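For reference, the structure discussed in these notes is given below.
The values are calculated or read from the model by the stated rules, or taken from the named source; none is laboratory data. For clarity, every value in this text was computed on a predicted model and none was experimentally measured. Glycine also receives a Cβ, built like all others from the backbone with ideal geometry; neighbour counts cover every protein chain displayed. The area values use the complete protein model at the heavy-atom level, side chains included, leaving out ligands, DNA and RNA. Shrake-Rupley method; radii C 1.70, N 1.55, O 1.52, S 1.80 Å.
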Amino acid sequence: MKISFEGWRQWRQLSWAQCVLAGIGLLTSLAAMADDNAPSHEGLVLVHRTVNAKYMDSFKAFSGLLKSTLTKPYVVKNDDSLEKLVSEQFGVGPTAAHDVYEQLADRIQTLNKLPSRGAIKAGATLALPDIPPMQWKEKMAGNPNYGMPRVQGGPDYHVVLSGKSMTADVADWRRILDKGRKAEPLVSQWRWVTVAQAKEEAKAEEEARAQAKAQGVDVAEIPTNAYWSQPLTLKFAADSVGAGQASSVQADLQLLAALIKRRPPQQEVVVYVLDDSWPTAEAFEASRQFFLKALNDIRTANFIPGAPPAFLAKDSVVTDFPAYTPPKPLHASKIATALADFTKLTPKVKVVYLPLFTQQKWAKEFWEELTYIALVTTGVHSKLGEIQPTDGIMNKARSDATQLVAQIPAKVVDSLGPAQQTPITVLQKVAQLYAMKTGTPFFISMSWTVETHEIDFGPDADALGVSLAATGNDGKEVIGDAIYLAYRGKAAPGDVLAVMNTDSTGKDLCGSGRLPLSGPNPFYGLAYDGTYSNGAECGSSFSTPRVAWLLGLRQAYNAPVSKAALPDWYASFRTQMISLQGATQTTSRRYWLPVAKLFDGL
């Protein structure tokens, strides 16, 4: 589905980026400017992948790589032949690497619809596979830098935005930053592409992996594209419709108060609330203090030089608060009110708010730093936490981060409007980094639905944390109507925990989106009461952070997760969530979160 963002926000040109195809860095559509005739742009996507350039070591995986739609331009010279340009551009000849050469030659012929391999003409621009030259060198034993990919950046963001990438200097595509690791086979490629190109590439990757699986090839050998951003349309709850009944959570609050008094939790668990704003000055200050410590810890653990931005260390820093017309509370401020009876029970569940938009003062700076950290650590790859990132990785991350954050819409959405994937993906990655440092799983509460998106996206596999998504308040079926991101709670991928709004009897409240009650596979979802203010306010927007907080409190009673247990933590967590469901129930009561059962044994 194509999204038009005209009239929604003014174009702002700042700077950022990186890729595993690391990120889809989608520049939010260029909206109409003050001049009604000003041009608009659909925007760009930042894609990242890590390629093993030892192509002969896994020839079948190389075949899958060549199915990529990403290409680079090459202007044919007078004395060129196909064999010569393949040799110069990819380091491959028909003798020493015959099979690789043949596949490359066939792909070039197909991409350019050449009737024969000899049908190339001087001055013509050919599209070549956008892959790094084959790595012929062998690693030197004892070099600690190996395992950290070399970096190949591709055309600049502004070059691609201008539509001139196919006339860019070919040298820009071949330049690889490889200081201290020239024989490293892995190459980290970061590419800015259009939305249409990103969609084509995602489809090609899916087909390549399906074909590899059918041929018995280990799909893990096929480079995985990571998309760091894309334009989204998010929907927040409109003005609340009362539930007509008081909340049913009082018994749970009494049980928890008694438990905490008798046995205080020992671990500090972080619940991130990713919403429209920092709801209060106190919430902003708590966020500032948390990230000042968390980012310092992440930098230290991963040998990232420097310090967090100066504003984070200033106690005098304050933010401002956007106002709706006509006046009404910010969505995040309603969440804070809905959580108040829970958060006062213990400080061990730390609630940290972050805005999805950059309208508030310091929001842009927050996201630039968080994005930079996410990109740097992605670039280090398997050497994360072992050696310092190279200058090339850090410089590329800083540049790309600026561009990515420039794409985040500034204006806070009232109930429906444009947003970006970048804050979602970046927070998931930074939360993972901090969780790996502390050994304590995180929880991210997302009290909105994604009404339109271009490419599927979700949390990283095997995360040490949980992303919770509201089912919305439109009375829709999460599976039948594909309510995103709650839809990802289905067995595959099963990387999101969906939350609906019901009372303790299983009665759906306030038009809550509904979780499936039949099907051969489990669905990862829970339900909880999202009413407060004596039933005057109600929505899955409030059920979701409450479930996140409850799960966070339960985790606060567990010991930190050991490194050995990290790969299996999320699978074990999902099993626990299924055990909390009432499998024999035929109504939404099946998904009700039984708090007594959750804390049983404490």
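Structural remarks
- Check on Tyr532, touching a residue at least 24 places away in the same chain (Cβ under 8 Å) and over 20 Å from Thr575 (Cβ atoms): yes
- Failed item in (1) buried (at least 21 other Cβ atoms within 10 Å of the Cβ); (2) touching a Gly at 6+ places or on another chain (Cβ under 6 Å), with Gln245 passing the rest: (1)
- Against the conditions (1) assigned to a strand (DSSP E or B); (2) among the small types (Gly, Ala, Ser); (3) open to solvent by 10 Å² or more (accessible area, probe 1.4 Å), Ala410 satisfies every one except (1).
- Scanning segment 74-106 for residues that are touching a residue at least 12 places away in the same chain (Cβ under 8 Å), closer than 16 Å to Ala53 by Cβ and surrounded by 15 or more Cβ atoms within 10 Å (Cβ to Cβ) yields Val86, Gln89, Phe90, Gly91, Val92, Ala97, Val100, Tyr101, Gln103, Leu104.
- On the stretch given as segment 458-493, residues that are under 29 Å from Lys563 (Cα atoms), among the basic types (Lys, Arg) and outside any helix (DSSP H, G or I) total 1.
- Odd one out for Ile483 among (1) within 22 Å of Tyr353 (Cβ to Cβ); (2) out of contact with any Pro (no Cβ under 8 Å at 6 or more places or on another chain); (3) hydrophobic (A, V, I, L, M, F, W, C); (4) crowded, with 23+ Cβ neighbours inside 10 Å: (1)
- Residues of segment 284-297 that are under 25 Å from Ser543 (Cα atoms), open to solvent by less than 10 Å² (accessible area, probe 1.4 Å) and either in a strand (DSSP E or B) or of a type outside the set (Phe, Trp, Tyr) (or both): Ser287 alone.
- Considered as a group, the residues in segment 55-102 that are among the small types (Gly, Ala, Ser) and assigned to a loop (DSSP other than H, G, I, E, B) include one that is farthest from the chain's Cα centre (by Cα), and that residue is Ser81.
- Across segment 342-356, the number of residues qualifying as of a type in the set (S, T, N, Q) and either assigned to a strand (DSSP E or B) or in contact with a strand residue (DSSP E or B) (Cβ under 7 Å, 6 or more places away or on another chain) (or both) comes to 1.
- Options Thr280, Thr300; residue that is of a type outside the set (A, V, I, L, M, F, W, C) and surrounded by fewer than 16 Cβ atoms within 10 Å (Cβ to Cβ): Thr300
- Residue in segment 439-457 that is assigned to a helix (DSSP H, G or I), in contact (Cβ under 8 Å) with a residue 24 or more places away in the chain, aliphatic (A, V, I, L, M) and surrounded by fewer than 24 Cβ atoms within 10 Å (Cβ to Cβ) present: no
- Members of segment 153-177 found to be part of a loop (DSSP other than H, G, I, E, B), modelled with pLDDT under 90 and under 18 Å from Thr378 (Cβ atoms), listed by number: Gly153, Gly154
- Meets criteria (modelled with pLDDT of 95 or more and within 30 Å of Ala536 (Cβ to Cβ)) for Ala374: no
- Residue that is least open to solvent (accessible area, probe 1.4 Å), among those in segment 107-116 that are out of contact with any strand residue (DSSP E or B) (no Cβ under 9 Å at 6 or more places or on another chain) and closer than 19 Å to Pro73 by Cβ: Gln109
- Test: Ala419 is of a type outside the set (Val, Ile, Thr) and either out of contact with any helix residue (DSSP H, G or I) (no Cβ under 9 Å at 6 or more places or on another chain) or part of a strand (DSSP E or B) (or both): yes
- Note on segment 365-397: among residues that are without any contact (Cβ under 8 Å) to a residue 60 or more places away in the chain and surrounded by fewer than 20 Cβ atoms within 10 Å (Cβ to Cβ), the one that is farthest from Val51 (Cα to Cα) is Glu365.
- Being in contact with a Ser or Thr (Cβ under 6 Å, 6 or more places away or on another chain) and under 22 Å from Ala332 (Cβ atoms) holds for only one residue in Thr449, Thr422, and it is Thr422.
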